[in-house]
Amino acid sequence: MAVNQRWNLPGREKLLGEAIQASREIWKDIQLALSEDSSAVPMEIRNNLLIVSVYAESKLDEITRSPDQEKMASLIDLTRSLAVSLRELRTAA
């Protein structure tokens, strides 16, 4: 979000690189956690989250190749929606 808010300010490239790297690590961690047999997450939800993670990685690749503020905002929205959904799932469990 910080990169998106500072998109037109100096130093964006550095912030963008750091944000992309951090996002990649988070999505890889999510994929790893979902791939473990001991995961308590139901299989259907795991599969859906894996699909979302592949989509997120493709968006990160696009942003890396061609930085675009709208693509970044779209990825932020996706991440926020996922976080809200996971909180609701955890609350319901």
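Here the stretch 53-93 is the region considered, the condition is being polar (S, T, N, Q) and surrounded by 12 or more Cβ atoms within 10 Å (Cβ to Cβ), and the residue that is nearest to Arg12 (Cα to Cα) is Gln69.
Taken over the stretch 1-24, the criterion of being surrounded by 13 or more Cβ atoms within 10 Å (Cβ to Cβ), part of a helix (DSSP H, G or I) and among the charged types (D, E, K, R) is satisfied by Arg12, Arg24. Figure legend. Inter-residue proximity from the stretch 17-35: first residues in contact (Cβ under 8 Å) with a residue 24 or more places away in the chain, second residues small (Gly, Ala, Ser), beta-carbon distance below 7 Å, spacing 6+ or different chains. Indicated pairs: Trp27/Ser53; Trp27/Ala56.
Give the residues of the stretch 50-62 that are touching a residue at least 12 places away in the same chain (Cβ under 8 Å) and within 12 Å of Leu78 (Cβ to Cβ), sorted by residue number. Within the stretch 50-62, Val52, Ser53, Tyr55, Ala56, Glu57, Lys59, Leu60 meet the criteria.
Within the stretch 1-38, the set of residues being within 16 Å of Leu82 (Cβ to Cβ) and of a type in the set (Gly, Ala, Ser) comprises Ala22, Ser23, Ala33. What about Ser39, is it exposed (fewer than 12 other Cβ atoms within 10 Å of the Cβ) and either basic (Lys, Arg) or over 11 Å from the mean Cα position of the chain (by Cα) (or both)? So Ser39 does not fit the description; no.
Read-outs: derived from the displayed coordinates by stated rules, not from any lab. Fair warning: this is a prediction, and the values are worked out from it, not measured in the lab. Reconstructed Cβ throughout: ideal geometry from the backbone, glycine too, with neighbour counts over all protein chains shown.
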